[in-house]
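The values are calculated or read from the model by the stated rules, or taken from the named source; none is laboratory data. Just so we're clear, the structure is a prediction, and the values are computed from it rather than from any experiment. Cβ placement follows ideal geometry from the backbone for every residue including glycine, while neighbour counts extend to all protein chains displayed.
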Amino acid sequence: MNQDSPTRIAAIDWMRGLVMILIALDQASAMWDGGRLAADSAYLLNPETGGPLWIPGSPLDSLQFYTRWVTHLCAPTFLFLSGTSLAMSFERRRGQGVRELDLDKHLLIRAAILFACEGVISKISGMGAPFLEVLWAIAASMVAMVFLRRLPTAVLVGIGLAWLVGSEWVLTEFFPIAAAAVDGSGAPVRSIFELAFFTAGSKGALLVFYPMTHWLAMMLLGWGFGRSLLARPDGEKGNEDTEKLLLLSGLTALLLWAFIRSQNGYGNLGLLRDDKTIVQWLHMSKYPPALVYSLMELGLMALLLVIFLRYERRMEGPPRANNPLFVFGQTPLFFYMAHFVLLGGAAVAITGGIGQRGMTETYLAASAVLVLLYPACIGYRSLRKKYPTSVLQYL
């Protein structure tokens, strides 16, 4: 969305900025922490042993677990808010007379840039294999939205909710690897298509962590929310209605999460609780997202958005332009690419490799990259404003 758009909502940028800070922590853990926990799937395989990445009954170190768990908010929020911002931007531009074909072109160009960025990260990651992560999920979802955005809002939201609720049935019914997570059959992955769009794992040299359909569902929900923001009444009444919608949605999602997680069956995608401890309640499948994972993260996001929206509504004057949350939230792709290079490069240069240190170095590295990128993001944002019609408009 254009930075000077009259429909821009500071709370959305603040929320996105919070996500970028958590992303920095997650990436610092991936690059620096030798004890990192990332066993967020019932059927991903351990590349070292060839067996399951998660073995039921294995201990979960609390500090390692919670450092990982707080970052689970990132991907669902980023996909949801991408849909929200795109929907608001497109509706505004359509009102200005921009052709549908030009809107499609804009989406496809942005998707192509994200595909390219994912390729660059895959190339320099040092993992020795191409992989599909969150940028792939966002880009592929944008391509799908070229067609899906023409549907009515109720249909978009309905499709998103239906997939979140029914995806486990689809996966276990039609894809052997997902069924293996539930019945222990150990059936193999059948195709790259299955990996890229429905399940997660590896085939040959390809690693897939973010199968697209699950994340597209979150973008669909965000797209519907973006349209609702534009359709709300002007003034205090409209703002209050939005906050009530988010509050009700967030609380409902968390209540459903608690019920489904307590049943320890459908909705958990095979990653069941070993016991009744808090850690086990929060240990859910992200690869791909189980229903309980989606409910918790989208529910928490909705409640945080209520806090940010209420704070924005009660502010006197415009938001501070150089608030770190605002700065990081307005430069997400630049931040993402730069933080990946900085954290990985520093880990190799200082420690001699990836994952050679512990939690102290992880938090120090995350803090350092935030300090370094803050002025860089301010400069990048200024450059983008100076050249609003350049290729930077797509980043």
Quiz item: Looking at the range 304-318, which of its residues are part of a helix (DSSP H, G or I) and either more than 20 Å from the chain's Cα centre (by Cα) or surrounded by fewer than 17 Cβ atoms within 10 Å (Cβ to Cβ) (or both)?
Solution: ILE307, LEU309, ARG310, TYR311, GLU312, ARG313, ARG314
Quiz item: Checking GLU297 against (1) in a helix (DSSP H, G or I); (2) in the same structural domain as TYR66 (by TED's automatic domain parsing); (3) out of contact with any His (no Cβ under 6 Å at 6 or more places or on another chain), which single condition isn't satisfied?
Solution: (3)
Quiz item: Of all residues in the range 320-356 being touching a Lys or Arg at 6+ places or on another chain (Cβ under 8 Å) and not in a helix (DSSP H, G or I), which is surrounded by the most Cβ atoms within 10 Å (Cβ to Cβ)?
Solution: THR331
Self-check item: Candidates PHE334, PHE328, filtered to the one that is closer than 21 Å to PHE80 by Cβ and out of contact with any Asp or Glu (no Cβ under 9 Å at 6 or more places or on another chain)
Solution: PHE334
Practice problem: Find the residue count for the range 24-68, including only residues that are within 15 Å of the chain's Cα centre (by Cα) and farther than 21 Å from GLN356 by Cα. | Solution: 1
Quiz item: Quick check, is GLY95 modelled with pLDDT under 95 and of a type outside the set (Ser, Thr, Tyr)?
Solution: yes
Quiz item: Here are some residues: ALA321, ALA290. Which one is in the same structural domain as ASP13 (by TED's automatic domain parsing) and either under 15 Å from the mean Cα position of the chain (by Cα) or among the small types (Gly, Ala, Ser) (or both)?
Solution: ALA321
Self-check item: Top-ranked residue in the range 156-209 [being among the polar types (S, T, N, Q) and surrounded by 20 or more Cβ atoms within 10 Å (Cβ to Cβ); ranked as modelled with the highest pLDDT]
Solution: SER167
Quiz item: Among the residues of the range 347-365, is there at least one that is in contact (Cβ under 8 Å) with a residue 24 or more places away in the chain and in contact with a His (Cβ under 8 Å, 6 or more places away or on another chain)?
Solution: no
Quiz item: Do we find a residue being of a type outside the set (Gly, Ala, Ser), at pLDDT 90 or above and either surrounded by fewer than 17 Cβ atoms within 10 Å (Cβ to Cβ) or over 19 Å from MET219 (Cβ atoms) (or both) anywhere in the range 41-50?
Solution: no
Exercise. Mind telling me which of the residues TYR380, TYR387 ends up being surrounded by 13 or more Cβ atoms within 10 Å (Cβ to Cβ), among the hydroxyl-bearing types (Ser, Thr, Tyr) and under 30 Å from SER89 (Cα atoms)?
Key: TYR380
